[in-house]
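Novice: Can you read through this structure? Questions will come right after.
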């Protein structure tokens, strides 16, 4: 049993902040949060002068797949030989030795989603992983956790350069319809004939059967509208990723109650696609009631700066708690593990950070990072 | 009647070793006239009570207006990919001063930027230091050069030299030797004129330094070695692995543009990028200024870089210097900009809190005493 004596506890549930409480951890779980003197325990961590909150969740990364510091040969996220590769699985390409994981541990990021990039219209399957482990098997929390799809400039320009289909927005949506129709036919055939199993079609069926959401890279308004049409046609669950122009089409997103993973901010210069990029997007969506998580898109922005993504969203007008939820509880919800992760409450996994000061303070350091009950980082 | 502006109250970080409280900064003819206790008569007052006041921020390594924002390839003018040695190019000739980057700079408190060609070429061309209103401060501000991955990647793809680090160093050295020959020949032949060698001659005359893009420690040392052979002043740009050779940098007295420290490490040469470099420079006495390499990261990343370095034990004082006065010194413009001092340009920002906090907003940006940005609610943020 471990006990954390928390000075200020941000539970990240219903804006609840508790002062001077004990978080009691048994194994990998939080079994109780209560006031009073601390119970006897194997280990008592004194955080009475500090801030305690759930550790961080990054709802959109390519960590381990696009390895950092190894050069472009190891930038392994885009199987850009075919615009539709639903059967690819991110988990097959995660390098546990990626320096990003060490940084994640030191920065208090416990969990993230990772997988294919955005060159392909249908990219492949994603995995939700812990940021610690020697094998992918130890790291995986949930997979497949989504099917990566991509709209707009990235797939369009990529295939245009190769003089291949699809090179226009019309081509992108036509290709998706073609594949979804193929998958529907495949399902019918499979009922009669079991000898034709096709991993690409199986991946698409996961989406059509609403077992996993399509997580869709999108920047521009017209693409968001197209995605909504496809959602109606195929009755699928979706999340919108990046959503650069989301603030310009917010009412439609609100009406459909679509989760949005916004960002990253402080990313490299704007293309035409991202000409309206602003840290305001998260604030505007959130204010209207959209469920918002934030991202680093690691390695676009290194994963250890997820906390600064929230700080910037707050600076740009997002509610302070909403901004923190976007990298904790709401992020865990949107990546599909909110039932067990993301808040500090009884029964939840003990994913906790102890910060030397408030989470948005410049000098606030991660003193402890506890992942499923284990201390994975302690400031020396 | 000429306008006199007085900024009243607040906490003033002069960057001259003093923090002043509740004073009045009087601005006349675009310059800081005096810092006094009471508001003079017939002046326009900016009330800064309870606010924080700093000199305008300086980013000494950007490509503002050269890589334009939001218009795609039509706006990419930073690298002349056709020749690895192009000292005769001038960044000034490629800058679109209507680029949104300059608006973003002003909105985020940056009042001076040094703009240089990119790093595809071993010798890229001439930089220019400008106010973010477009006023030219210094042209050329130096000759941009580059070692490491970028030139060898670009020219390897074209099957030309340099395709190795040795090739880059050779071309750099060769151009400098040829310039020495040119200078000697010119003594006898007054009609001799070559744009490339003319540009490089300035290095030998000490008019401006070589500003050399180098990430890895071996590239940093190579740059310093080559410039040392010719007795040319060097500034290391990026200096990502500078913490590994900080003693060397300190001993040689080489200033560094540091950053971006908060960017991706997809390139191999960025593997050891860490915000800790700033702290090591502070300990070892290396003169450095943070940079965003804008638009590699947004210009508001300058404030954020200083903020993040605090988490890695950099002192507040050095963090502030590294976005203000140090940049002015490295550009050789510290007589005009970089601190709040009588006689200096009235480039001043007013913020709603400690600028080293990531959530602090810029309320006013003044350049030459004119308000060039004013915060009017979150909609007016450019970030």
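Taken together, the values in this text are just the output of simple stated rules run on the coordinates, not laboratory data. Here the structure is a predicted model, which is why all the values come from computation and not from measurement. FYI the Cβ positions are ideal-geometry reconstructions off the backbone, even for glycines, and counts take in every protein chain you see.
Novice: Which value in deg cm²/dmol, rounded to the nearest 500, describes the helix-derived mean residue ellipticity at 222 nm for chain B, given -39,500 (n - 2.57) per DSSP H run of n ≥ 4 and division by the residue count?
Specialist: When only DSSP H runs of four or more count, the value is -8000 deg cm²/dmol.
Novice: Within 10 Å of each Cβ in A:260-269, how many Cβ atoms from other chains are there, averaged over the peptide?
Specialist: Going residue by residue through A:260-269 and averaging, the value is 5.
Novice: Follow-up question, since we're still on this one. What residue among A:367, A:240, A:125 shows peak mean-square fluctuation when chain A is described by a Gaussian network model with Cα springs under 10 Å?
Specialist: A:367
Novice: What FRET efficiency comes out for residue B:376 versus residue B:98 if R0 is 22 angstrom and r is the Cβ-Cβ distance? Round to the nearest 0.05.
Specialist: Given R0 = 22 Å and the Cβ-Cβ separation, E is 0.50.
Novice: Based on alpha-carbon centroids, what's the gap between region A:124-164 and region B:197-218 in Å, whole number please?
Specialist: A separation of 43 Å, based on Cα centres.
Novice: Per 10 Å bin, what percent of the C-alpha pairs of the protein assembly as shown does each bin hold, from zero upward?
Specialist: Here the calculated profile for the protein assembly as shown is 3, 14, 22, 24, 20, 12, 5, 1, 0, 0.
Novice: Based on DSSP, what percent of beta bridges with both residues in the protein assembly as shown are antiparallel, to the nearest 5?
Specialist: 60 percent
Novice: Right, here's the next one. Compute the length gained on full extension between residue B:29 and residue B:44: take 0.36 nm times their separation in residues and subtract their Cα-Cα distance, giving the result in nm to one decimal.
Specialist: 4.1 nm
Novice: Please report the antiparallel percentage of DSSP beta bridges with both residues in region B:57-338, rounded to the nearest 5.
Specialist: Counting only bridges with both partners in region B:57-338, antiparallel ones make up about 35 percent.
Novice: In addition: On each of the three principal axes of the Cα atoms of region B:57-338, give max minus min coordinate, whole Å, ordered largest first.
Specialist: 56, 42, 41
Novice: So what is the orientation-averaged projected area of region A:72-139, using the convex hull of its C-alpha atoms, in nm²?
Specialist: Numbers: hull surface 19.0 nm².
Seen from a random direction, the Cα hull of region A:72-139 projects 4.7 nm² on average.
Novice: Which whole number gives the average count of other chain Cβ atoms within 10 Å of the Cβ atoms across peptide B:264-277?
Specialist: Across B:264-277, the average partner-chain Cβ count within 10 Å equals 5.
Novice: Would you calculate the separation in nanometres between label points at residue A:189 and residue B:276, each defined as 7 Å from the Cα along the Cα-to-beta-carbon direction?
Specialist: If labels sit at residue A:189 and residue B:276, their model points lie 5.6 nm apart.
Novice: When chain A is treated as a GNM, springs tying every alpha-carbon pair under 10 Å, which of A:49, A:193, A:98 comes out with the largest mean-square fluctuation?
Specialist: A:193
Novice: Relative contact order for region B:57-338: what percent, with Cα pairs under 8 Å and sequence separation of 6 or more?
Specialist: 17 percent
Novice: Right, here's the next one. Enter the angle in degrees (range 0 to 90, nearest 10) between the Cα long axis of helix A:306-315 and the first principal axis of the Cα atoms of chain A, meaning the one along which they spread out most.
Specialist: With rounding to tens, the tilt is 90 degrees.
Novice: Roughly how tilted is helix B:165-188, in degrees to the nearest 10 and between 0 and 90, from the longest Cα axis of chain B?
Specialist: 90 degrees
Novice: Give the span of region A:56-327's Cα atoms along each principal axis, as three whole-Å numbers ordered largest to smallest.
Specialist: Extents along the principal axes, in whole Å: 55, 44, 34.
Novice: Once every DSSP H run of n ≥ 4 in chain A is given -39500 (n - 2.57) and the sum is divided by its residues, what mean residue ellipticity at 222 nm do you get, rounded to the nearest 500 deg cm²/dmol?
Specialist: One gets -8000 deg cm²/dmol as the mean residue ellipticity at 222 nm.
Novice: I would also like to ask the following. For the pair residue A:256 and residue B:284, what calculated FRET efficiency results from E = 1/(1 + (r/R0)^6), where r is the Cβ-Cβ distance and R0 = 51 Å, to the nearest 0.05?
Specialist: Rounded to the nearest 0.05, the efficiency is 0.35.
Novice: Follow-up question, since we're still on this one. Counting C-alpha atoms alone, how compact is region B:233-337: give Rg to one decimal and Dmax as a whole number, in angstrom.
Specialist: 12.6, 39
Novice: Using a 10 Å cut-off around each Cβ of peptide B:290-301, what is the average number of partner chain Cβ atoms that fall inside?
Specialist: 3
Novice: Take every DSSP beta bridge with both residues inside region A:56-327 and express the antiparallel ones as a percent of the total, to the nearest 5.
Specialist: DSSP beta bridges in region A:56-327 are roughly 35 percent antiparallel.
Novice: Then there's this: Put a dot 7 Å past each Cα toward the Cβ at residue A:80 and residue B:20; how far apart are the dots in nm?
Specialist: It works out to 5.5 nm between the two label points.
Novice: For B:166, B:172, which order do you get if you count the other beta carbons within 10 Å of each Cβ and list the fewest first? Present the calculation step by step, with values, prior to reporting the outcome.
Specialist: Numbers: B:166 12, B:172 26.
Fewest-to-most Cβ neighbours within 10 Å comes out as B:166, B:172.
Novice: Further question on the same structure: Give me the three principal axis extents of region A:63-180 from the C-alpha atoms, as integers in angstrom, largest value leading.
Specialist: Here the Cα extents, ordered largest to smallest, are 44, 30, 21 Å.
Novice: Another question, if that's okay. Given a 10 angstrom Cα cut-off, can you work out which residue in B:35, B:58, B:349 is the most mobile in a GNM of chain B?
Specialist: B:35
Novice: Could you tell me how far the Cα centroid of region A:263-287 sits from the Cα centroid of region B:309-331, in Å?
Specialist: 28 Å
Novice: Additional query: Against the longest principal axis of chain A, how steep is helix A:169-192, in degrees 0 to 90 to the nearest 10, with axes from Cα atoms?
Specialist: 90 degrees
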